[in-house]
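Enquirer: Take a look at the following structure, please.
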Amino acid sequence: MHKNFKGIEKTVFGRGAFAQLGDILEERRQDNDKFMFFVVDNYFKGKDLEKKIPAKPQDVVRFIDVDPEEPTTQLIDSLRDEILSKKGLPSGVVGIGGGSIMDIAKAVSLMFTNEGSSTLYQGLNLVKKPGIYHVGVPTISGTGAEVSMTAVLTGPTKKLGLKCEWTVFNQVVLDPDLIASVPRNWWFYTGMDTYIHCIESENGLLNNAYSHSYAEQSLKLCREIYLGPNSGQTPENDDKLMVASLMGGLSLTYSEVGVCHALSYGLSKILGMRHCYANCIAFNHLHDYYAEGVTEFKEMIRKHKIDLPQGLSKDWTDEQITAMANVSYNLPHMWNHAVGPDWKDKVTVKDIEGLFRRL
Ligand SMILES: [Fe+2]
């Protein structure tokens, strides 16, 4: 069976595209209870961007502090319950922020129309009804959350996405001006999420002409941004990073992530480490799985003088390491892609513990 996936319905790309958001929303303002729900990264509170949000008096604008945790099922449920009881059903949800805000906008859009806690829907195709209209406006690029079919949520028992075709945004606004203010280390870590998506997508069973073509183009852009003669945080590279992130995400849609993401999920779930940073911490030591990618990654680290801690595992308990290894081991689709269908003969929980001890 081949995947039959849904893409973003509409995309606007270009410097200043954010100014078109008001007109874009206008078409949907008569839907449901006639108000928009904006979910905005708290980082923008009091900043220029706040003044540019095309909110009308009836709309709800909610600033959310996503640092340092990934969105929880509890946050999604309480946002939904609160808005429904105070205002009713929004015409649409607009997420303005990084990967976590994208996940919140996607998840809450689904939960407005699906009863009960979002924990009931963590997994593949468990959501029963389409969500409400939702728009993604990324302000940091690299996670590919703007294009993915998944809204990753941390629940009481699992960190797992609401994954179905209704998760995908109806509209995405890609304005490279918005990512200009990202601090350098985060510009690097989140961009590396895209780079790692492509390396993992390419190096595994599920890679094919479709996923390869997107990964190839995305990697070309990543190399220009992080290694080329004009590398660095420039407006031209911001344009490229926004597109690289999208293409890396599209590559994954038709392939799969691998060992690095499996470890990264363990680091996030047990230690609360942020996704992109956790990827970098893990990828740095995965030379035996992704030799060329890791060598190039180290070059990028050197070139941009990025702080990437090592020797972290000496402060972790055996219990924490075992717990992280179990989280990783329970992502069979990633190991299957990276190692092969007989991966259980080749990789044990003990081996994965060994990988964590390298970090
Ligand atoms: Fe990722």
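The values are calculated or read from the model by the stated rules, or taken from the named source; none is laboratory data. Remember, it's a predicted structure, so these values are computed and weren't measured experimentally. Using ideal geometry, Cβ is built from the backbone for each residue, glycine included, and neighbour counts are taken over all protein chains shown. Protein only, heavy atoms only, side chains kept; ligands, DNA and RNA dropped before computing areas. Shrake-Rupley method; radii C 1.70, N 1.55, O 1.52, S 1.80 Å.
Enquirer: Could you please let me know if Leu286 is open to solvent by less than 10 Å² (accessible area, probe 1.4 Å), within 16 Å of the ligand (Cβ to nearest atom) and farther than 26 Å from Pro71 by Cα?
Expert: On the way: open to solvent by less than 10 Å² (accessible area, probe 1.4 Å): yes; within 16 Å of the ligand (Cβ to nearest atom): yes; farther than 26 Å from Pro71 by Cα: yes.
Here the answer is yes, as Leu286 does meet what is asked.
Enquirer: From the list Val147, Val152, Val137, Val173, which residue is of a type in the set (Val, Ile, Thr), in a loop (DSSP other than H, G, I, E, B) and within 19 Å of the chain's Cα centre (by Cα)?
Expert: Just one listed residue meets the conditions, Val147.
Enquirer: From Asp41, Asp31, which residue is touching a residue at least 60 places away in the same chain (Cβ under 8 Å) and over 30 Å from Ser264 (Cα atoms)?
Expert: Values: Asp41 fails: over 30 Å from Ser264 (Cα atoms).
Asp31 is the lone residue from the list that is touching a residue at least 60 places away in the same chain (Cβ under 8 Å) and over 30 Å from Ser264 (Cα atoms).
Enquirer: Restricting to helices (runs of 4 or more DSSP H) lying wholly in the stretch 1-101: which have 2 or more residues that are crowded, with 16+ Cβ neighbours inside 10 Å and in contact with a helix residue (DSSP H, G or I) (Cβ under 9 Å, 6 or more places away or on another chain)?
Expert: Per the criteria, 73-86.
Enquirer: Within the stretch 139-157, can you find the residues that are within 21 Å of Leu219 (Cα to Cα) and away from the ligand (no atom under 14 Å from the Cβ)?
Expert: If the condition is that a residue be within 21 Å of Leu219 (Cα to Cα) and away from the ligand (no atom under 14 Å from the Cβ), then Thr139 is the only one that fits.
Enquirer: Among the residues of the stretch 207-238, which ones are farther than 19 Å from Phe297 by Cα and open to solvent by 70 Å² or more (accessible area, probe 1.4 Å)?
Expert: Ala209, Tyr210, Pro235, Glu236 - these are the residues of the stretch 207-238 that are farther than 19 Å from Phe297 by Cα and open to solvent by 70 Å² or more (accessible area, probe 1.4 Å).
Enquirer: I've got another one for you. Give the stretch 204-230 a look and list any residue that's touching a Gly at 6+ places or on another chain (Cβ under 9 Å) and either at pLDDT below 95 or not in a helix (DSSP H, G or I) (or both), or say none.
Expert: Gly204, Leu205
Enquirer: Looking at the stretch 231-255 only, could you name the residues that are in a helix (DSSP H, G or I) and more than 15 Å from the ligand (Cβ to nearest atom)?
Expert: Of everything in the stretch 231-255, those that are in a helix (DSSP H, G or I) and more than 15 Å from the ligand (Cβ to nearest atom) turn out to be Pro235, Glu236, Asn237, Asp238, Asp239, Lys240, Met242, Val243.
Enquirer: I'm checking my understanding of the structure. Among residues of the stretch 172-188 that are open to solvent by 10 Å² or more (accessible area, probe 1.4 Å) and in contact with a Phe, Trp or Tyr (Cβ under 8 Å, 6 or more places away or on another chain), which one is nearest to the ligand (Cβ to nearest atom)?
Expert: Leu178
Enquirer: Then there is this: Do the conditions hold for Ala291, that is, is it within 25 Å of Ser100 (Cβ to Cβ), more than 16 Å from the ligand (Cβ to nearest atom) and either in contact with a Gly (Cβ under 9 Å, 6 or more places away or on another chain) or modelled with pLDDT of 95 or more (or both)?
Expert: no
Enquirer: Separate question: May I ask you to verify whether Ile132 is away from the ligand (no atom under 16 Å from the Cβ), in contact (Cβ under 8 Å) with a residue 60 or more places away in the chain and either open to solvent by 20 Å² or more (accessible area, probe 1.4 Å) or of a type in the set (A, V, I, L, M, F, W, C) (or both)?
Expert: Yes; evaluated as a whole, the condition is true for this residue.
Enquirer: Among the residues of the stretch 256-278, which ones are open to solvent by 10 Å² or more (accessible area, probe 1.4 Å), away from the ligand (no atom under 12 Å from the Cβ) and outside any loop (DSSP other than H, G, I, E, B)?
Expert: Within the stretch 256-278, Lys269, Ile270, Leu271 meet the criteria.
Enquirer: Find the residue count for the stretch 192-210, including only residues that are among the small types (Gly, Ala, Ser), farther than 10 Å from Val257 by Cβ and within 15 Å of the ligand (Cβ to nearest atom). Even if it seems obvious, please write down each step before you answer.
Expert: First, the residues of the stretch 192-210 that are among the small types (Gly, Ala, Ser): 201, 204, 209.
Subsequent filtering for residues that are farther than 10 Å from Val257 by Cβ retains 209.
Imposing the further condition that a residue be within 15 Å of the ligand (Cβ to nearest atom) reduces the set to none.
Result for the stretch 192-210: 0.
Enquirer: Another one. If Leu110 satisfies every condition in (1) surrounded by fewer than 24 Cβ atoms within 10 Å (Cβ to Cβ); (2) more than 16 Å from the ligand (Cβ to nearest atom) but one, which is the exception?
Expert: Evaluating Leu110 over (1) surrounded by fewer than 24 Cβ atoms within 10 Å (Cβ to Cβ); (2) more than 16 Å from the ligand (Cβ to nearest atom) leaves (1) as the failure.
Enquirer: Report yes if Leu308 is more than 16 Å from the ligand (Cβ to nearest atom) and either exposed (fewer than 14 other Cβ atoms within 10 Å of the Cβ) or outside any helix (DSSP H, G or I) (or both), otherwise no.
Expert: Answer is yes for this residue.
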